[in-house]
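A short write-up of the structure that comes next.
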Amino acid sequence: MRKTPFVSGEYYHIYNRGVDKRITFLDEADVQRFYDSMEEFNALEPIGSIYENAFAKRLGSRTSKSGVLVNFIAYCVNPNHFHFLIRQESKKGIEKFMQRIGTGYTKYFNNKNKRSGALFQGKFKSIHVNSNEYLLYVSAYVNLNDRVHQFGSPTSKLVKSKSSWKEYIKRESGEKQFCTKDIILGQFRNVAEYKEFALSALESILEGKTQAKELAIFLLE
């Protein structure tokens, strides 16, 4: 049992890394597969495999989603770990979503690389985001998480992190919008003001200043 239960309508910082700190995304295709999983597995009803769903989509026979388990506010996928800022939308939504994405991606990765066993380090970690100030700081931390880490392995240098930062800042017309951003951006006069806040917040987090010390302890290597 988790110390803090997941409640619908509440926000949570979800994160995990590879077992033994191993690289979990070996190339750009892996990152894209995980990102696709974030979208496809976020449905009230099970969808089957990513491959089957993509095939059905191409044929035009895929049914529309009846609803979602969670709403993404921000995310970052790094070579050996990931961070999500999400809001639970249905009962046990986070647990169902994380079980699907963990199982689905691990199966894909193991089949591709001819390995077996766990890929991620035990149960995913979760922190209840219980104040608006904390929500804003977590959004900055997650959006800019790829700037926090200096990855040293040859593989990690070839794999670019994928985050929602560009979606928040550039907001290019016609580009797919994955995250629900109004809860964050609606608190600022414009995108430039949020960008300034986020960069300042990240600096505070990395320096371990008092107002951001809770986040500083979640830096994953």
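Every number here is computed from the coordinates shown, using simple stated rules; none is lab data. Keep in mind that this is a model prediction, so the values were computed, not measured. Backbone-built Cβ (ideal geometry, glycine too); neighbour counts: all protein chains shown.
Arranged from highest to lowest average of other beta-carbon atoms within 10 Å per residue, in what order do the peptides 121-128, 139-146 appear? Working shown, then result.
On the way: 121-128: 15.6, 139-146: 25.4.
Those peptides, ordered most packed to least, come out 139-146, 121-128.
Once phi is turned into ³J(HN,Hα) by the Karplus curve 6.51 cos²θ - 1.76 cosθ + 1.60 with θ = phi - 60°, what whole-Hz value does each residue of segment 135-146 show in order, with x for glycine and proline?
Per residue, the Karplus-derived 3J(HN,Hα) values read 4, 5, 5, 5, 4, 5, 4, 6, 4, 9, 4, 5 Hz.
Within the set LYS107/LYS170; LYS107/LYS162; LYS91/LYS112; LYS92/LYS181; LYS125/LYS160, which residue pairs have Cα atoms separated by over 27 Å? Intermediate results must be reported in sequence, preceding the final value.
Numbers: LYS107/LYS170 34 Å; LYS107/LYS162 21 Å; LYS91/LYS112 33 Å; LYS92/LYS181 23 Å; LYS125/LYS160 23 Å.
Those over the limit are LYS107/LYS170; LYS91/LYS112.
Determine, for each peptide in 80-88, 109-117, the mean count of other beta carbons within 10 angstrom over its residues, then list the peptides with the highest first. Please report the intermediate quantities before stating the final value.
Values: 80-88: 24.8, 109-117: 11.0.
Output ranking for 80-88, 109-117: 80-88, 109-117.
Report the calculated FRET efficiency for ASP182 and LYS91 (r = Cβ-Cβ distance, R0 = 22 Å), to the nearest 0.05. Walk me through the intermediate numbers first.
Working: r = 24 Å, r/R0 = 1.08.
The calculated FRET efficiency here is 0.40.
Label segment 59-139 by shape, choosing from rounded, prolate and oblate, from the square roots a ≥ b ≥ c of the eigenvalues of the Cα gyration tensor; if a/c is under 1.5 it is rounded, and otherwise prolate applies when a/b is larger than b/c, oblate when it is not.
On the way: a/c = 2.12, a/b = 1.25, b/c = 1.69.
Oblate, because a/c is 1.5 or more while a/b does not exceed b/c.
Can you pull the one-decimal nm distance between simple spin-label points at ARG147 and ASN130, each 7 Å off the Cα toward Cβ?
Going from the ARG147 label point to the ASN130 one covers 3.0 nm.
Can you compute the modelled spin-label distance between LYS170 and ASP27, with each label point 7 Å from Cα toward Cβ, in nm?
2.4
Between ALA43 and residues 5 or more places away or on another chain, which pairs have amide H atoms under 5 Å apart, with H built 1.01 Å from N, and which residues are they?
LEU69
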